[in-house]
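Peer 1: First the structure, then my questions, so here it is.
The values are calculated or read from the model by the stated rules, or taken from the named source; none is laboratory data. Values in this document were obtained by computation on a predicted structure and should not be read as measured data. Virtual Cβ from ideal backbone geometry, glycine too; neighbours counted across all protein chains shown. Only protein heavy atoms, including side chains, enter the accessible area calculation; ligands, DNA and RNA are left aside. Shrake-Rupley method; radii C 1.70, N 1.55, O 1.52, S 1.80 Å.
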Amino acid sequence: MNGAYVLIDPAALARNAKALKARLGSFYCVLKCDAYGHGAEKCAAQLADIGMERFAVYSLSEANTVRKAAKNAEILILGRTEPVFCDELEAGGFVQTVSSADYARVLAYHSKNIKIHIEIDCGMNRSGFKPLELSAFSLPFPAEKISGVFGHLSCADEKELSEAEKQIRIFESAAGLLEKTLGKPLIRHLSASAASLRSELKTNALSRIGLALYGVAPENCDGGFLEPVMSFYSDVTEVRSVKKSETVGYGSDHSLSRDSVIATVSGGYANGILRSASTKLTVLIHGQPAPSVGRICMDRFMVDVTDVVTSGTLVRPGDTVTFFDKNFGIESMARACGTIPYEVLTCIGNSNRRIYADFIHDR
C-alpha cells in the first residue's frame, strides 16, 4: 500500500449508531474534529441515511460540512461562533451554544433570530453558565428561540462516580430552573459516551455520542457490543540483520541484547505515531507482535521482528503492519503513546490517507 493509511468502515458506523439508538433512544451524533478523524461529511451522510437526525460539531465550518450531507438534520454548534457570522448561522439553520452572559448579550445584539441551546457549567469550569449566574440573568432572546439546555460531566469515566452523580444533580436543578423561567420544556442533553455506557448513571436527558459511535469505549465503560470503525495499517520498507550490542535509531541509545532482525516501518510522528511511543509501541506483522526499537522518527520507525522470523515466518518489504484494527484494539497504541484513544483517532485519522470500504463481518 506504500505508506501509512486508515481504513474506515461506514457499515460498522451505521451498526454502532443503530445499537446505541436501541439502548439510548434519540441522541446527538458528535462529528467534531472531522468526526474524530473519520471524515465528517462521509460519516454524516451514512448516519443521515439510517435516519439519524441530531448532530453536534464544534465550529461553524464543521457545521457547514455536515449540512452538505445532512440537509434536514438539527446541527448543534458546541463552540463559540463570532457574532459577525450570525447571518450564516441563520441561513444554515444551525443551533448555537450560548455559554456566558457576555456572549449572550453580544450575540443577541447582532441577531435575536438564532436558534439557541444554553450550556450549564456542572463543575468542569471549562465553559457554560454557573447555575447561580444563570438564575440571576435574563436571557436576551425570545423564548421560542431557546430550544435546549445541556451540560458536560467531567468524571463519568472514573471508577468512582460520586462526582459525576453530583454534577448530574447540578445540571438537572439548573435545567429545571431554566425551564420554569421560560415556561416550557427544553431539549436536555448531558451524557457523552462515558456516562451513556454506565448503567449506574441515570439522567433525564439525551446523550451526545462521539467515541462510542466510532466503536471505542471510554475507560471503565462497557462497549463490548461496539465495532471499531477505523483500522490503521502501514507496511515494511526494509529488513536487515543487526548484531548484538549494535544500536538502533537516533541518539544511538537503544542497544540490542541479541543478534536481531530489524524491520523499518513506514510512518512516524508526522503520521500521528507519537514519539513518546518509542520502545513502547507494539505492532503486528503476519499477526505476530513486533515491538518498536529506538526512537520513532518523523516518517518511519524500526521494530524487532526476530521472534517473527524465528517462528518460521519470512518478513519482507511490502508486508502489512497493523497498528490497530477490529481484532487488535486501539487501546494498546494509546497506552504506548501515553494518551487516550480520542487523541489517537483524531491524530491518526487526520494525518493519513483514508480509504472507505465496507467489510464482511460474522453476524
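Peer 1: Any idea how many residues of region 42-66 are surrounded by fewer than 17 Cβ atoms within 10 Å (Cβ to Cβ) and not in a loop (DSSP other than H, G, I, E, B)?
Peer 2: So the count comes out to 4.
Peer 1: Might you let me know whether region 137-147 holds any residue that is of a type in the set (A, V, I, L, M), open to solvent by less than 10 Å² (accessible area, probe 1.4 Å) and in contact with a Ser or Thr (Cβ under 8 Å, 6 or more places away or on another chain)?
Peer 2: Applying the first criterion (of a type in the set (A, V, I, L, M)) to region 137-147 yields 139, 143, 146.
In the following step, the residues that additionally are open to solvent by less than 10 Å² (accessible area, probe 1.4 Å) were identified as 146.
Those still in the list that are in contact with a Ser or Thr (Cβ under 8 Å, 6 or more places away or on another chain) too: none.
No - not one qualifying residue is present in region 137-147.
Peer 1: Continuing with this model, one more query. Kindly provide the set of residues from region 289-338 that are aliphatic (A, V, I, L, M) and outside any loop (DSSP other than H, G, I, E, B), ordered by number.
Peer 2: Selection gives 290, 293, 302, 303, 308, 309, 321, 330, 333, 334, 336.
Per-residue answers, yes or no, for (1) more than 24 Å from the chain's Cα centre (by Cα); (2) of a type in the set (Phe, Trp, Tyr); (3) open to solvent by 20 Å² or more (accessible area, probe 1.4 Å):
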residue: 265; (1), (2), (3): yes, no, no
residue: 272; (1), (2), (3): no, no, no
residue: 293; (1), (2), (3): yes, no, no
residue: 301; (1), (2), (3): yes, yes, no
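Peer 1: Just one of 275, 258 is touching a helix residue (DSSP H, G or I) at 6+ places or on another chain (Cβ under 6 Å) and basic (Lys, Arg); which is it? Don't jump to the end; show me each part of the working.
Peer 2: Values: 258 fails: touching a helix residue (DSSP H, G or I) at 6+ places or on another chain (Cβ under 6 Å).
When all the criteria are applied, what remains is 275.
Peer 1: Cβ-Cβ below 7 Å, separation at least six or inter-chain, first residue in region 8-19 and farther than 14 Å from residue 39 by Cβ and of a type outside the set (Lys, Arg), second at pLDDT below 95 and open to solvent by 10 Å² or more (accessible area, probe 1.4 Å): which pairs?
Peer 2: Listed pairs, sorted by first residue: 11/358.
Peer 1: If you check residue 309 against the conditions, is it in contact with a strand residue (DSSP E or B) (Cβ under 7 Å, 6 or more places away or on another chain) and closer than 24 Å to residue 349 by Cβ? Explain how you work it out, then say what you get.
Peer 2: Details: in contact with a strand residue (DSSP E or B) (Cβ under 7 Å, 6 or more places away or on another chain): yes; closer than 24 Å to residue 349 by Cβ: no.
Considered against the rule, which asks whether it is in contact with a strand residue (DSSP E or B) (Cβ under 7 Å, 6 or more places away or on another chain) and closer than 24 Å to residue 349 by Cβ, residue 309 comes out as no.
Peer 1: Hey, another quick one. Go through 104, 73, 14 for me and flag whichever is touching a strand residue (DSSP E or B) at 6+ places or on another chain (Cβ under 9 Å) and within 30 Å of residue 353 (Cα to Cα). Step through it out loud before you land on a result.
Peer 2: Numbers: 104 fails: within 30 Å of residue 353 (Cα to Cα); 14 fails: touching a strand residue (DSSP E or B) at 6+ places or on another chain (Cβ under 9 Å).
After ruling out the rest, the residue left standing is 73.
Peer 1: Among the residues of region 275-291, write down those that are surrounded by fewer than 21 Cβ atoms within 10 Å (Cβ to Cβ) and within 11 Å of residue 313 (Cβ to Cβ).
Peer 2: If the condition is that a residue be surrounded by fewer than 21 Cβ atoms within 10 Å (Cβ to Cβ) and within 11 Å of residue 313 (Cβ to Cβ), then 286, 287, 288 are the ones that fit.
Peer 1: Considering only region 202-223, how many residues are open to solvent by less than 20 Å² (accessible area, probe 1.4 Å) and assigned to a strand (DSSP E or B)?
Peer 2: Number satisfying all stated conditions: 3.
Peer 1: Follow-up. Identify, by number, the condition in (1) farther than 17 Å from residue 37 by Cα; (2) without any contact (Cβ under 8 Å) to a residue 24 or more places away in the chain; (3) not charged (D, E, K, R) that residue 277 doesn't meet.
Peer 2: (2)
Peer 1: Next question, about the same structure. Filtering region 103-160 down to residues that are assigned to a helix (DSSP H, G or I) and touching a residue at least 40 places away in the same chain (Cβ under 8 Å), which residue is farthest from residue 191 (Cα to Cα)? Break it down stepwise before answering.
Peer 2: Taking region 103-160 and keeping what is assigned to a helix (DSSP H, G or I), we get 103-110, 131-135, 143-145.
Those left that are additionally touching a residue at least 40 places away in the same chain (Cβ under 8 Å): 131, 134-135, 143.
Numbers: 131: 18, 134: 21, 135: 23, 143: 25 Å.
Looking at the filtered set, the residue picked out is 143.
Peer 1: May I pose another question? Of these, 7, 13, which one is open to solvent by less than 50 Å² (accessible area, probe 1.4 Å), in contact with a Leu (Cβ under 8 Å, 6 or more places away or on another chain) and closer than 30 Å to residue 235 by Cα? Walk me through it before giving the result.
Peer 2: Numbers: 7 fails: in contact with a Leu (Cβ under 8 Å, 6 or more places away or on another chain).
After ruling out the rest, the residue left standing is 13.
Peer 1: Would you point out the residue of region 72-87, among those that are hydrophobic (A, V, I, L, M, F, W, C) and assigned to a loop (DSSP other than H, G, I, E, B), that is most open to solvent (accessible area, probe 1.4 Å)?
Peer 2: Among those that are hydrophobic (A, V, I, L, M, F, W, C) and assigned to a loop (DSSP other than H, G, I, E, B), it is 78.
Peer 1: A further question follows. Restricting attention to region 310-326, which residues are surrounded by 18 or more Cβ atoms within 10 Å (Cβ to Cβ) and among the hydrophobic types (A, V, I, L, M, F, W, C)?
Peer 2: 315, 321, 323, 324
Peer 1: Take the residues in region 224-248 that are assigned to a loop (DSSP other than H, G, I, E, B) and open to solvent by 20 Å² or more (accessible area, probe 1.4 Å); name whichever of them is nearest to residue 286 (Cα to Cα). So that I can check it myself, show each step before the final result.
Peer 2: Taking region 224-248 as the starting set, the residues that turn out to be assigned to a loop (DSSP other than H, G, I, E, B) are 224-229, 243-246, 248.
Subset that is open to solvent by 20 Å² or more (accessible area, probe 1.4 Å): 224-225, 227-228, 243-246.
Working: 224: 26, 225: 27, 227: 22, 228: 20, 243: 24, 244: 25, 245: 27, 246: 26 Å.
Going through the qualifying residues, I end up with 228.
Peer 1: Test residue 179 against the criterion of being part of a helix (DSSP H, G or I), of a type outside the set (Gly, Ala, Ser), open to solvent by 10 Å² or more (accessible area, probe 1.4 Å) and under 21 Å from residue 106 (Cα atoms), and give yes or no. Please lay out each step first, then the result.
Peer 2: Working: part of a helix (DSSP H, G or I): yes; of a type outside the set (Gly, Ala, Ser): yes; open to solvent by 10 Å² or more (accessible area, probe 1.4 Å): yes; under 21 Å from residue 106 (Cα atoms): no.
Judged against the criteria, residue 179 is not a match.
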